[in-house]
1. As an exercise, use a Förster radius of 25 Å and the Cβ-Cβ distance of A:Phe16 and A:Ala166 to find the FRET efficiency, rounded to the nearest 0.05.
2. To make sure I understand the rule: partners must be lysines, Cα under 20 Å from the Cα of B:Lys30, and not fewer than 8 residues away in the same chain. Which ones qualify?
3. At a Förster radius of 25 Å, what calculated FRET efficiency corresponds to the Cβ-Cβ distance of B:Asp477 and B:Lys455, to the nearest 0.05?
4. Spelling out what I want: for every residue of the range B:108-122, take phi, set θ = phi - 60°, compute 6.51 cos²θ - 1.76 cosθ + 1.60 (Karplus), and round to whole Hz; glycine and proline get x.
5. Please work out how much length the chain gains when fully extended from B:Arg50 to B:Leu173, using 0.36 nm per residue of separation minus the C-alpha to C-alpha distance, in nm with one decimal.
6. Would you mind getting me the FRET efficiency between A:Asp206 and A:Ile27? Use the beta-carbon distance for r and R0 = 60 Å, nearest 0.05.
7. Rounded to the nearest Å, what's the spacing between the alpha carbon centres of the range B:76-111 and the range A:233-290? Just the number, please.
8. Please give the average number of partner chain Cβ atoms lying within 10 Å of the Cβ of each residue in B:369-381, rounded to a whole number.
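What follows draws every value from the coordinates through simple rules; no lab data is involved. Small disclaimer: the values here were computed from a predicted structure and weren't measured. Here Cβ is always computed from backbone atoms with ideal geometry, including for glycine, and neighbour counts include all displayed protein chains.
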Amino acid sequence: MTTRTDLVYLIALPLFSSAFLLLLGRIADKWGHFFATAISASTFGIGLYEFFAMRSRSGDFRAATQRIFEWISVGTFKVDASLLLDQLSICFVLLITGVGTLIHIYSIAYMSHDRDRRRFFAYLNLFIAAMLLLVLGDSYLNLYVGWEGVGLASYLLIGFWNERPAYATAAKKAFVANRVGDVGLSLAIMIAFTQFGSVTFSGVKDAALHASSAALTALGAMLLLAAAGKSAQFPLQSWLGDAMAGPTPVSALIHAATMVTAGVYLITRSNFIFDASSTARLLVVIVGAITLLFGAIVGTAKDDIKKALAASTMSQIGYMILATGLGPVGYAFAIMHLLTHGFFKASMFLGAGSVMHGMNDEVNMRRYGGLGKVMPITAVTFGLGYLAIIGVPPFAGFYSKDKIIETAFNAGGARGILLGGAALLGAAITAFYMTRVVVLTFTGQKRWADGTHPHESPSLMLIPIILLSVGSVASGFLLNKGNALVHWLAPVVDASGAEGGAELFKPIVVSALALGVVVLGVLTAVLKYRGTVPVEAPAGSPLTRFARRDLGQDDFNHRVLVLPGRAITKSLVGMDFHFVDGIVRAVGWTLSYLSLSLKKVQNGYVRSYALLMTIGAIALLATIWLVTL
Amino acid sequence: MSLVTVLELTPLISAVLLYAIPKGNTKLIKQAAIALSVVALGISGLIAYRFDTNATGMQFVESHNWISNFGIKYAVGIDGLALVLILLTTILTPIVLLAGWNEAEGGRWSVRTFYVLMLILESSMIAVFAATDVFLFYVIFEAMLIPVYLLIGGYGRGERAAAAMKFLLYSLLGGLLMLAAVIGIYIISTNQIGGTFETAKLATLHIDSLTENCLFLGFFIAFAIKAPLWPFHTWLPGAAKSATPATSVLLLGVLDKVGTYGMIRFCITLFPHATKTFTPLIIVLSIISILYGAFLAIGQRDINGLIAFTSISHFGFIVLGIFSMTSQGLSGATLYMVNHGFSTAALFLVAGWMVARRNSSQIEDFGGLQRITPVMAWSFFIAGMSALALPGISSFVSEFLVLVGTFTRYPVAAIFGTTGIVLAALYVLITVQRSLHGPAAPGNEGISDLNLREKIAIAPVIALLVIMGFFPKPVLDWINPSSTATMQAAGYSDPLPKAGK
């Protein structure tokens, strides 16, 4: 462990830049976006430097800490504002600042016509700062500040165009759903303090060895609830689709590559809790498996390109969550998929933004078609991302997703077959819906609305996409080469004592199976969508309609939460007036009818009151005098 | 003379000085009142500077016989608990005087009277937190109602007379109960140690449990009305809707804290056994307050009514923290009193400016203010983030301390309390959406943004909300010794971690 004094700049730079741009106001309109981009790029520079410095140190000295100041100290509850940069957090630092900077650059062009571009960039910087705090905090409470901080940034960015009521509602929905998850994180911290007397990662890790299994399971369940809120996992997934109301670069950065993966970070960071509680792990894999299928099914039915990609994000994070629940071997694979997903999903989202940019902000894929010819670069880069996500070798997703499917099968017994089967089925559906997106958007006939003149986007937008698609191609290979990431993360997730488990299938068999179902999914989609595609969505089967409605998630929430909530509010408002205050009024009236003197109180105002007070004081003195006689 | 006495007298003398200015010269009256309240702020700053964080017990003590036959004394002194509440008073007073520049116009009495009443209120609030003699405390506790009553009834809006009367009658009821309890404990003291009203001596009495329970309730109900705790809260929304913003800030932000302050200073310290007996009931009431206040806030259409019900919810957190009887809960609750003061101040002041500009306090009449008045909208938004206790803003620290402290002793209560954070997100964000987002509502187009005076008034509040979110240490350093002393007096110590190293 190395002690440092300069880690804080990683967070301080974007934080102050954000405040600076917001406080300066319109004065900074001309250059605010360049300033924010430069700040973001400099954090990436620091991140790179830290990475290479860390790599050059030997294992025991790689992790570094900085105590910034004493934050809260009451009794034994002592929390410092402290940072921890270790092998796990550096992965996130590079992802956040790297992808973040590319998205800053992209946004300079994408938001060039928006009158509030400076404010947009201030929010992006705020997000970078909060997300870095989330992954650098050395305690659950520091993490919590970043955790809600990214929630705030997400709220501000989803509602960036909040003069449209639907967008403002989407922002609010995201915040509230996240708050439900935050209840989990709050309670987890309280459990940790009550049980272990500490809320730092290292303190909890040390004490967890002596903890009761009930406490560990409760803690794990609460952390999972938190992860489900932030990472749009079942049953708190409903906000992510609506969050696509935000500008597309935001969807790429926050709602695909970084923030929504924070739940995976949280569980990986808390590996010592989940390693010690098989019940908590079981809950994790159930949530992961349900969500990966849920998202994939919803993805097949969406005509809105951003919502299709959002459903896909939910599904891919389901894979990551599943992996984190598979025991010590799974964490590194979860992080690997998280990193590769960061590249290919961000690249595809930015590609979707590029398409929308050329299509007058049209998002309906039924209005696309044949765009490959007019937007060749966008189409090719999107295609590379596509090959990565469906898991074609040697693209990035092949390495990371295969590992998860393999590990799931190896979970043992019926559980292994179920989880592996779910992951395999998810891969098939992923291949189907992603092929559908590509076919509908880039191939076939033009179904453009009148007055649409699609064109390739400016190079400021294309360069970030191209760089990200390089990652879609190569990142999986590089991370997997010689088990590089697994070894790198080993000190954090402590997979040393882990049994690999009996192999159900040989890796090559799993790969073959996965490839087989992917080919099946691709062919089905090609056959289904290669002909004419109606501009209006056909009625579809009941199942399709159900999937379009996000498998009824909003109807469910409306009936089970919103309507009863409104009923409670309404009845309490009525009760407060008629019953609680009613009693008060009744007492008042009764007294005023019974007593003339009280009427005088009500009429005589202060004089009477002062008199009464005097009488009271005199009575007091008289009593005292009587007593002391 | 103790600096605390000097501080008590400063606003009173200031009020007298205002009479030297002609009634018609309202501008000078306002400027003088603000300047003089800044002097009081300076003196309180000096007290804070000289305050010894390592000392136990009261500091800046001063004691004179007042009515010596009955052992009544003018006795003052402050510990960390009193210090932070006094600082809250002296910081907020100049701010609300500046913010409420035009509030006194159109009142029943003159502008000068408004400022005189505000300064008298400031003086009595300082005195009530500094009093260490129970009789003195009681007298000020009652006397301070008069300026508030006149401020609501004379300068308020809408049904101001009715609201002022309701406030007064409620307080009167509480005051009478407390009076009975004060008499009771005095009688007991005469039998045991010779008649006295000194808090420290009264704490040493041996009281049989039935009497102790009755005396406890006498104090507690008076404080629960003031705080206000469910079901004694129904005077608050009316008062908040009718009072001017400046009055509301001092009433909800500071004066109501006398209730929660009194619970710590008198209920727990004087009646530790009764405290144990009633703790389960009080914890239930505070949980009801948290959730009930939050649901009612969601259901409000009036923006001031909304703020009132959020306060009822937040007072629930404060009372929960106090009676959790853990150092985190007590310190968190005390810090919460301060943070709630600033947070409520921000909400009431900005809401007041919005109401004055739009000439309506109905939330549905606002809309789209984000684009029309960005500075005002941002101020309201940050105040809202403080109300929902966003980490990084001061309320988070206190709310989390209350919850974590409660959890160590009463996990179920803490779980219920924690669900309040979802409701808080709802009441804040629904209001933010209705008033700031969406297209500009009809009648909002020409609304002007905050002027320089208003910006100067709100800036320090927002700065404090943010700074104390990251750096609550100085305030906690003042508060922690008081919490420890209170817990010792009540015979409690923090629960130990279940799985140690």
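1. Values: r = 34 Å, r/R0 = 1.34.
Step by step, r from the Cβ atoms, then E = 0.15.
2. B:Lys455
3. Details: r = 31 Å, r/R0 = 1.25.
Here the calculated transfer efficiency is 0.20.
4. 6, 10, 6, 4, 4, 4, 4, 5, 4, 4, 4, 5, 4, 4, 4
5. Values: separation 123, 0.36 × 123 = 44.28 nm, distance 3.90 nm.
Full-extension gain reported as 40.4 nm.
6. The value I calculate is 0.75.
7. Their Cα centres are 47 Å away from one another.
8. Working: counts 0, 4, 4, 0, 0, 5, 1, 0, 0, 2, 0, 0, 1.
Per-residue shielding by partner chains comes out at 1.
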